[in-house]
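Notes follow once the structure below has been shown.
The values are calculated or read from the model by the stated rules, or taken from the named source; none is laboratory data. Since the structure is predicted, the reported quantities are computational estimates derived from the model, not experimental observations. Note that each Cβ is placed from the backbone with ideal geometry, even for glycine, and that neighbours are counted across all protein chains shown. Surface accessibility is based on the protein's heavy atoms, side chains included, excluding ligands, DNA and RNA. Shrake-Rupley method; radii C 1.70, N 1.55, O 1.52, S 1.80 Å.
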Amino acid sequence: MSWGTELWDQFDNLEKHTQWGIEVLEKYIKFVKERTEIEINYAKQLRNLSKKYQTKKNSKEEEESKYTSCKAFQNTLNEMSDYAGQHEVISENMSSQIMTELIRFVQELKQERKSNFHEGRKAQQHIETCWKQLESSKRRFERDCKEADRAQQHFEKMDADINVTKADVEKARQQAQIRHQMSDDSKGDYSSVLQKFNGEQNEHYHTHMPSIFQKLQDMEEKRIARLGESLKMYAEIDRQVIPIIGKCLDGITKSAESINEKQDSQTVIEAFKSGFEPPGDVDFEDFTQSIKRTVSDTSLTTTKADGKTDPKTPGKSRGKLWPFIKKNKGATPEDFSNLPPEQRRKKLQQKVDELNKDIQKEIDQRDALTKMRDVYLKNPQMGDAGSVGQKLIEIGNNIEKLRVEVQKFESWLAEVEGRLPVRNDSSRRQSGLYETQNTAPVNNCAQDRESPDGSYTEDQSQETEVKVTPTEFDDDFDDEEPLPTIGTCKALYPFDGENEGTISVSEGEILKVIEEDKGDGWTRIRRSEEEEGYVPTSYIEVYLDKNAKGQSGPSLRPSKIKEMHL
């Protein structure tokens with residue numbers, strides 16, 4: 001089927017139809033453009049969402065990432081970032097492979113359509129001109145025939161009238177002959193024009209216009225085929241990323257399957273295990289005896305000087321003193337003696353591992369420099385072996401220093417591992433709290449029993465000599481006067497005071513300073529008479545009074561400073 005034969009008389013409708021086809025293509029281009037915008041915005045939102053929940057470096061969350069569930073969640077966030085990347089690929093490919101190509105194609109299509117219809121209108125104008133010429137020739141022939149007929153009738157009338165002179169008759173005859181000649185000429189001209197018009201019309205409707213219509217038909221079919229190809233490519237672009245998206249989803253599934261609840265439970269144990277023994281049974285104290293009783297060596301119950309018990313004191317002391325030990329003022333001790341035994345062992349082991357890694361790095365560097373020195377000795381033109389030798393001496397000194405450090409920490413580690421309690425004596429009641437509280441220098445025996453990790457030795461013979469009650473430190477803190485204000489400070493960042501002895505602050509909050517930073521990175525502040533504690537010095541901006549002197553009150557500084565995200 002051809003438009004030239006089937007739609008020979010539908011020029012105007014074809015013009016409207018082809019214009020509508022181009023508009024459909026432009027509508028599809030607009031659709032693809034909006035799809036690319038959706039994809040790029042979706043990818044951006046996915047990336048922002050993934051970034052929002054990513055673990056921040058040097059923060060508490062980084063410590064929590066050791067749990068398998070947290071690792072799985074972080075892997076899921078990474079996979080979602082890759083997932084977002086595939087949507088960016090969809091947007092980019094649709095823009096370059098569909099939109100750009102179709103926009104150029106539409107411009108070519110419009111130009112081709114304009115050219116074809118211009119040629120068609122020109123052909124129509126030509127055939128209309130030929131038709132007008134034919135009509136003009138026809139009317140002239142008709143007019144001349146009528147004029148000749150009237151002239152002939154007039155001649156016959158004059159010839160039959162006896163009253164008309166011969167000259168008038170002759171004149172009428174000549175006039176009739178002229179009119180007949182003009183009629184014959186018009187007839188010939190009309191016949192010639194008609195023959196020409198029929199030829200032009202045949203050419204117009206069977207050759208020229210079918211050719212134009214065929215071009216329009218080819219153009220329209222090309223547009224339709226191109227739209228079909230674009231729709232196919234639209235689906236293919238999506239299909240290309242499906243395997244990668246599937247891998248992302250498989251990665252999420254694999255991360256979920258990697259979660260090990262038992263391992264996480266064990267990680268919790270390793271993170272918080274103190275190494276202290278649970279308290280044993282409380283001894284029975286017979287109040288019926290008239291003799292003055294003494295403090296049980298295994299009891300947490302305390303008596304004051306007047307003999308009255310204060311059952312709240314142990315809990316109060318526990319809340320105040322652990323994990324802040326009065327003997328550990330200032331910065332964290334190098335041997336981590338402020339920590340519970342198990343946590344101290346972990347820290348020491350970690351320190352030993354770090355030092356061993358540093359030693360290995362130095363050894364690797366030394367080996368590399370040794371090879372370099374040998375090369376320089378064989379080929380002096382390549383470098384100075386003396387300069388390398390000096391560097392080797394420095395590295396050797398560094399290795400020796402690190403090995404001394406390792407020996408020091410290994411000795412502390414061996415000490416801690418030797419002192420970790422064995423759970424074979426249920427009669428003892430020595431919790432970490434009670435042992436910590438009994439570290440006050442009451443007598444030499446108690447001091448001798450104290451180990452760097454805050455626990456006691458296994459020497460049971462000396463426990464009966466300890467007469468210090470757990471209220472000793474409580475009285476030490478409760479009876480003291482509140483520290484005077486030495487200035488003010490403004491919180492630069494929010495801080496969650498999760499450790500005991502710390503205080504939570506909000507960004508921009510103004511508080512009072514009652515104790516300056518002693519070099520351990522903590523400043524003691526007060527919000528009200530009942531609310532005071534320590535905050536990281538880097539989190540606040542301090543304004544000290546000129547006349548105020550740094551006060552040194554009882555130090556309750558945190559013994560374990562968590563990693564902070566500035």
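Here are the numbers for this structure:
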{"read-out": "Given (1) at pLDDT 90 or above; (2) out of contact with any Lys or Arg (no Cβ under 9 Å at 6 or more places or on another chain); (3) under 30 Å from Arg113 (Cβ atoms), number of the condition Met219 does not satisfy", "value": "(2)"}
{"read-out": "Count - residues of the stretch 7-52 that are open to solvent by 90 Å² or more (accessible area, probe 1.4 Å), of a type in the set (Lys, Arg) and within 25 Å of Gly228 (Cα to Cα)", "value": "4"}
{"read-out": "Counted residues, the stretch 484-509 - those being part of a loop (DSSP other than H, G, I, E, B) and open to solvent by 40 Å² or more (accessible area, probe 1.4 Å)", "value": "13"}
{"read-out": "The stretch 90-105: number of residues that are surrounded by fewer than 17 Cβ atoms within 10 Å (Cβ to Cβ) and touching a helix residue (DSSP H, G or I) at 6+ places or on another chain (Cβ under 9 Å)", "value": "4"}
{"read-out": "Filter result for the condition that a residue is assigned to a loop (DSSP other than H, G, I, E, B) and over 30 Å from Leu109 (Cα atoms), over Val282, Val268, Val241", "value": "Val282"}
{"read-out": "Qualifying helices (runs of 4 or more DSSP H) (wholly inside the stretch 359-455; at least 3 residues being open to solvent by 80 Å² or more (accessible area, probe 1.4 Å) and at pLDDT 80 or above)", "value": "385-419"}
{"read-out": "Matching option when the condition is assigned to a helix (DSSP H, G or I), open to solvent by less than 70 Å² (accessible area, probe 1.4 Å) and modelled with pLDDT under 90, among Gly85, Gly4", "value": "Gly4"}
{"read-out": "Residue check, Arg140 within 30 Å of Glu229 (Cβ to Cβ), charged (D, E, K, R), in contact (Cβ under 8 Å) with a residue 24 or more places away in the chain and surrounded by 16 or more Cβ atoms within 10 Å (Cβ to Cβ)", "value": "no"}
{"read-out": "Whichever residue in the stretch 106-134 is basic (Lys, Arg) and either under 30 Å from Leu194 (Cα atoms) or in contact with a helix residue (DSSP H, G or I) (Cβ under 7 Å, 6 or more places away or on another chain) (or both) and, among such residues, is least open to solvent (accessible area, probe 1.4 Å)", "value": "Arg113"}
{"read-out": "Residue satisfying all of: in the stretch 510-523; open to solvent by 10 Å² or more (accessible area, probe 1.4 Å) and at pLDDT 90 or above; farthest from the chain's Cα centre (by Cα) among these", "value": "Lys512"}
